[in-house]
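A quick write-up on the structure given underneath.
The values are calculated or read from the model by the stated rules, or taken from the named source; none is laboratory data. Values in this document were obtained by computation on a predicted structure and should not be read as measured data. So basically every Cβ, Gly included, is an ideal-geometry build from the backbone, and we count neighbours across all protein chains shown. Accessible surface areas use protein heavy atoms only, side chains included; no ligands, DNA or RNA. Shrake-Rupley method; radii C 1.70, N 1.55, O 1.52, S 1.80 Å.
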Amino acid sequence: MNAVHKTSHVAAASAAPILRTRNLTVRFDEFPAVRDVDLSIADGELRVIIGANGAGKSTLLDLLCGKTLPSEGEIWLHDRNITGIGEAAIARSGVGRKFQTPTVFKDMTVLENLQVASSRRVRVFQNLFERVKSGPSDKEIAVAERTGLLGSMKRKASELSHGQLQWLELAMVLSQDPKIILLDEPAAGMTAAETDKTAELLLDLAGGHTVLVIEHDMAFVRRICRTITVMHQGAVLAEGTAEEIECNPAVIEAYLGSATLSHA
Amino acid sequence: MTYRTASIIAYIVFFAVVLALPLVLNSFWTNRVAIYLVYSICAIGISMSWGYAGILSLGQGLFFGMGAYMLAMSLTLAVPDNNPVPQLMLLNMEPDAVRDLCCVTTGSFLWIPFRSVAVGMIAGIVVPCILAAGIGYVMFKRRTTGVYVSIITLAFALIGQLLIINNQPLTGGFNGLADLALLEIGGFEFDPYGPSAYYAVAFTLIVVILLARYMLAGRIGQVLKAIREDEARARYLGYDVENYKLFIFCVSAGVAGLAGMLFTLTSEFATPSLMATSLSISMVIWAATGGRASLLGACIGALIVNFVGSLASESATFQPVWPIILGLLFVVVVLFMPNGIAGIFKAFIERSGKAERFAKAELSAREA
Ligand SMILES: Nc1ncnc2c1ncn2[C@@H]1O[C@H](COP(=O)(O)OP(=O)(O)O)[C@@H](O)[C@H]1O
Ligand SMILES: [Mg+2]
């Protein structure tokens, strides 16, 4: 009760960040995968989360999108407490999630995937006698063009390359018109050319959307990033610009030193 | 020919054959085929939930049986002898009980609304829907999926069957309800062995299949398909997956209940065996054989399997092994033709379509 009271007070007083967490913690059998994370993302911000494998980055996004319930702490979207309201309600309130391994509807065409994603009429009885358009809407064309899928609209998702699947999932998340987009290693498993394209896409998104992205590759991070949050053993270790982070001794010791070696 | 054109033609041919059959069948076979068409309606229900939404209910017999009982209760009371109190209650009552539906046996008051046949007919759909809503709510809110859904639905059907068998003074117990009046609506009487009952079944089938197709070809079908593919993704796109599953599960139960009523109409009885596991599983086999993802396929699957089954039951050699054949059929279908007869039809049309395009291309190449 005490925590709730404190949080609502803080949320009201702050300069309206779009997303903030308070003491966000999750334990899997005593093991704290995410510990006391206080995150604050401003409207329109492009924020990158870095950290070694197992640092709790994906788990943090799982908490934000409702996949995992926090053991403690709260998540606020604007002035709404979205903790524990369920994945679908969180999605409807404006959180879009892209996973590390793309999840799309494999047996459906790209267009059908986009149609399911872009319809904001999500209730059963709204859809009871609703027809499906045989062609793409303007919005679907725009999002497909942006993600380079316009030529593949009629293809089944199962026929797409890995990079295209990543873009399709991103296109679906964009079609949701989310207030904040959560991206988990969007360039994972991509070729160099695909990675370049993804970086461009992210920079392009950063203008109109609030984006929270997990990334491993420091070169990639330097290209796209404004503010970096470093996670280590479930907790936030540091926050700052790329230069600040790369000079931070704690970060170098905990993460960058080894990462520079492994990513060199 | 595109698959779409071919399937429209298939529907039209199927409807034409179904409507024309009574012209060439004797009264025994008219009744028989009417019952098979009732089973086809069951298979449509299975196709809707299993084929479109991936919910494999092995308790569809519960809804089918409830539908059958609801109408059978009304038709029991419609027999002049059975009014005001059905014979089955007189046989089972306490010696000093009042001979009135209110209190002749425990729970007999539940029969009172069924004095109206209209109530029986409405209950035949509504009661299975309500049952499905209850069972589905518990299952889907807890995010039960896959084989657990099958086990839970199967268990509920068994419970339903036991409740009916064990409450003889209320339900007729093991013997069920067999002393029924013919259904009469507005002075018109449905003869189970004549074309009237047959056409009641046939028209219902056609309406159900067209409505189901219209609905599932729309947004709701698309969302259900998405849920079948990846229900977590559907949730992260904002869809309340549970509600969609609950909806299609209830619709499917309502369709089964409707089929149950038509079963009472054509067979003139309702017994607990309608809720037996074997019938529920048979329904799944019909749908799988015809093609679970195709409403018409499921329908035709039910007709074929039941027709062959009835031929087998007339042969002394095949009659005892028919259940084994049915089991093997299921294994073969699941392993080798997951989309059933409809899948084979689709593959055939697409291949001949390709051949046709190829021939045309060759022709124009030669002309050039
Ligand atoms: N569902 C779970 N159950 C138990 N442990 C988990 C679960 N999910 C993640 N973990 C653990 O939490 C830690 C953080 O994992 P993760 O968030 O995937 O790391 P990252 O994405 O930063 O590489 C890991 O040690 C992982 O094993
Ligand atoms: Mg991860």
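The modelled label-to-label distance for the pair A:Arg123/A:Ala193, using points 7 Å beyond Cα in the direction of Cβ, is 4.8 nm. Highest GNM mean-square fluctuation among B:Tyr137, B:Tyr69, B:Tyr36, for chain B modelled with Cα contacts below 10 Å: B:Tyr137.
If each DSSP helix of 4+ residues adds -39,500 (n - 2.57) and the sum is divided by the residues in chain B, what number results at 222 nm, nearest 500 deg cm²/dmol?
-23500 deg cm²/dmol
Across all Cα atoms of chain B, the radius of gyration (one decimal) and Dmax (whole number) stand at 22.4, 98 Å. Look at where the Cα atoms of region B:236-295 and of region A:194-241 average out, and the two centres are 50 Å apart. Close amide H pairs (under 5 Å, H built 1.01 Å from N) link A:Ala238 with A:Val230, residues at least 5 positions away or on another chain. Rounded to the nearest 20 debye, the dipole magnitude of region A:104-177 is 180 debye, with +1 charges on Lys and Arg beta carbons, -1 on Asp and Glu beta carbons, and the Cα centre as origin. For the residues of A:93-99, the average number of beta carbons from a partner chain within 10 Å of their own beta carbon is 2.
With 5 Å bins beginning at zero, the pair-distance distribution over Cα atoms of region B:1-49 amounts to 5, 18, 17, 22, 19, 11, 6, 2 %. Pairs from the list A:Lys133/B:Lys225; A:Lys156/B:Lys225; A:Lys156/B:Lys141; A:Lys98/A:Lys179 with a Cα-Cα gap above 24 Å: A:Lys156/B:Lys141. Could you grab the Rg to Rh ratio for region B:98-195? Cα atoms only, Kirkwood for Rh. Ratio of gyration radius to Kirkwood radius for region B:98-195: 1.06.
Between B:Ala20, B:Ala316, B:Ala72, the GNM of chain B built on Cα springs shorter than 10 angstrom shows B:Ala316 fluctuating the most. Along chain B, the longest continuous region that contains none of the trypsin sites (Lys or Arg not before Pro) in a DSSP loop with at most 13 other C-beta atoms within 10 Å is B:144-368.
Treating only the Cβ of Lys, Arg, Asp and Glu as charged (+1, +1, -1, -1), what charge dipole size does the protein assembly as shown show about its Cα centre? Round to the nearest 20 debye.
960
Taking all protein chains as they are arranged and a probe of 1.4 Å, the heavy atoms of A:Trp76 leave approximately 30 Å² accessible to solvent. Using θ = phi - 60° in the Karplus curve 6.51 cos²θ - 1.76 cosθ + 1.60, the 3J(HN,Hα) couplings for region B:118-132 round to 4, 4, x, 6, 5, 4, x, 9, 5, 4, x, 4, 5, 4, 5 Hz; x is entered for Gly and Pro. Less than 5 angstrom separates the built amide H of A:Val213 from those of A:Arg47, A:Val48, A:Ile49, A:Leu183, all sequence-distant by 5 or more or on a different chain. At q = 0.11 Å⁻¹ the log10 of I(q)/I(0) for region B:197-335 amounts to -0.52, computed by Debye summation with a single uniform scatterer per C-alpha, solvent ignored. Normalising the Debye intensity of the protein assembly as shown to I(0), with uniform scatterers on Cα atoms only, and taking log10 at q = 0.05, 0.08, 0.12 Å⁻¹ returns -0.32, -0.73, -1.16. Placing unit charges on each Cβ (+1 for Lys and Arg, -1 for Asp and Glu) gives chain A a dipole about its Cα centre, and among A:Ser134, A:Ala33, A:Thr210 the Cα reaching farthest toward its positive end belongs to A:Ser134. Using only Cα atoms, tell me the angle between helix B:27-46 and the longest principal axis of chain B; keep it within 0 to 90° and round to the nearest 10. Approximately 70 degrees, to the nearest ten. For the residues of A:78-90, the average number of beta carbons from a partner chain within 10 Å of their own beta carbon is 2. Kirkwood's formula applied to the C-alpha pairs of region A:104-177 gives a hydrodynamic radius of 12.3 angstrom. With helices as the sole contributors, chain A gives -11000 deg cm²/dmol at 222 nm; each DSSP H run of n ≥ 4 counts as -39500 (n - 2.57), and the sum is divided by every residue. Across region A:108-117, rounded Karplus estimates of 3J(HN,Hα) from the backbone phi angles (6.51 cos²θ - 1.76 cosθ + 1.60, θ = phi - 60°) give 10, 6, 4, 4, 4, 4, 5, 5, 4, 6 Hz, Gly and Pro being marked x. For region B:101-117, 3J(HN,Hα) computed residue by residue from phi via the Karplus equation (6.51, -1.76, 1.60; θ = phi - 60°) reads 4, 4, 8, 5, 10, 4, x, 4, 4, 4, 7, 3, x, 6, 4, 8, 5 Hz, glycine and proline entered as x. Within the listed set B:Val117, B:Val208, B:Val138, the Gaussian network model of chain B (springs between alpha-carbon atoms below 10 Å) gives the highest mean-square fluctuation for B:Val138. Relative to the longest principal axis of the Cα atoms of chain A, the long axis of helix A:162-175 lies at roughly 90 degrees.
Roughly speaking, what % of Cα-Cα pairs in chain A are separated by over 34 Å, rounded to a whole number? So the pairs more than 34 Å apart make up 20 percent of the total in chain A. A cut-off of 5 Å between modelled amide H atoms, ignoring neighbours fewer than 5 places along the same chain, links A:Val34 with A:Val26. In this structure A:Leu212 has an accessible area near 0 Å², from a 1.4 Å probe over the protein heavy atoms. Taking other residues whose beta carbon is less than 11 angstrom from the beta carbon of A:Leu61, and scoring Lys, Arg as +1 and Asp, Glu as -1, yields +1.
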